[in-house]
Amino acid sequence: MKYFGEQESQAESNAALAANMPLTFFLMFVTLLFLFKTYRKPIVILLMLPLIFIGIVLGLLLLGKTFDFFAILGLLGLIGMNIKNAIVLVDRLIRKRPPEKHRVKRYQRNDHPHCSRSHGIGTTILGMLPLLFDAMFGGMAATIMGGLLVASILTLFVLPVAYCAIHRIKDRGIATRLFTIYYLRFTIYYLMI
């Protein structure tokens, strides 16, 4: 059975997007390699991408939308947002992690940029509300809202664990000091939105 018209055009568009996806992920990895000059941090960042799909599935199911072409476009935008959020968190971890020879010294930094980051996520989600009720862009709005909310919250818990595992941080005192209190504070910021 062969489809014609809009169905055929949508199938061609989806096939073109799927064909270019491996190249896109490779270019993202290369860009992150240039940014961090090591392969471990880009791997930690790219490990956060599957978390998006949990939120997308939940968002589409709860809001009763379909995964159409515009939802795929929302997914592509969401990948960029999640990578940006993971870069900010990894950069924060790099700054917060004490050097090997100065493990005892404690670092204190201003936490205001992450508070504004969490409010930026909340305003993005709220900004999608008018599109949610549109027949054409409803799937894209549900994709972005669900994926961004769930992936941002899960990233706060999964990223520190992945960072410790990939960087082989076995000292519980350092790992706990680096991550636990820091991420619990920002979880509270997310819940306040």
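May I ask you to list the residues in region 116-155 that are under 23 Å from LEU47 (Cα atoms) and open to solvent by 50 Å² or more (accessible area, probe 1.4 Å)?
LEU149, ILE153, LEU154 - these are the residues of region 116-155 that are under 23 Å from LEU47 (Cα atoms) and open to solvent by 50 Å² or more (accessible area, probe 1.4 Å).
Part of a helix (DSSP H, G or I) and exposed (fewer than 12 other Cβ atoms within 10 Å of the Cβ): is that true of LEU23 in this structure? Steps first, please.
On the way: part of a helix (DSSP H, G or I): yes; exposed (fewer than 12 other Cβ atoms within 10 Å of the Cβ): yes.
It is true that LEU23 is part of a helix (DSSP H, G or I) and exposed (fewer than 12 other Cβ atoms within 10 Å of the Cβ).
What residue, of LEU63, LEU17, LEU51, is touching a helix residue (DSSP H, G or I) at 6+ places or on another chain (Cβ under 8 Å) and either among the β-branched types (Val, Ile, Thr) or buried (at least 18 other Cβ atoms within 10 Å of the Cβ) (or both)? Even if it seems obvious, please write down each step before you answer.
Working: LEU63 fails: either among the β-branched types (Val, Ile, Thr) or buried (at least 18 other Cβ atoms within 10 Å of the Cβ) (or both); LEU17 fails: either among the β-branched types (Val, Ile, Thr) or buried (at least 18 other Cβ atoms within 10 Å of the Cβ) (or both).
None of the others qualify; the one that does is LEU51.
What is the residue count in region 43-100 for residues that are farther than 13 Å from ALA142 by Cα, among the aliphatic types (A, V, I, L, M) and under 10 Å from the mean Cα position of the chain (by Cα)?
Final tally of qualifying residues: 11.
Are there helices (runs of 4 or more DSSP H) fully within region 78-186 with at least 2 residues that are modelled with pLDDT of 65 or more? List them. It would help to see each step written out before you state the result.
Working: elements: 112-127, 129-132, 138-166, 172-175.
Counting at least 2 such residues, we get 112-127, 129-132, 138-166.
For region 44-75, which residues satisfy the criterion of being outside any helix (DSSP H, G or I) and under 16 Å from LEU89 (Cα atoms)?
Taking region 44-75 as the starting set, the residues that turn out to be outside any helix (DSSP H, G or I) are 47-49, 64-68.
Matches in region 44-75: LEU47, MET48, LEU49.
From the list LYS41, LYS37, which one is under 17 Å from ILE94 (Cβ atoms), charged (D, E, K, R) and open to solvent by 60 Å² or more (accessible area, probe 1.4 Å)? Spell out how you get there, then give the answer.
Values: LYS41 fails: open to solvent by 60 Å² or more (accessible area, probe 1.4 Å).
Result: LYS37 is the single residue among LYS41, LYS37 that is under 17 Å from ILE94 (Cβ atoms), charged (D, E, K, R) and open to solvent by 60 Å² or more (accessible area, probe 1.4 Å).
The values are calculated or read from the model by the stated rules, or taken from the named source; none is laboratory data. Every value quoted in this text rests on a predicted model; they were computed, and no experiment measured them. Note: ideal-geometry Cβ built from the backbone for every residue, glycine included; neighbour counts use all protein chains shown. These accessible areas exclude ligands, DNA and RNA; they are computed on the full protein's heavy atoms, side chains included. Shrake-Rupley method; radii C 1.70, N 1.55, O 1.52, S 1.80 Å.
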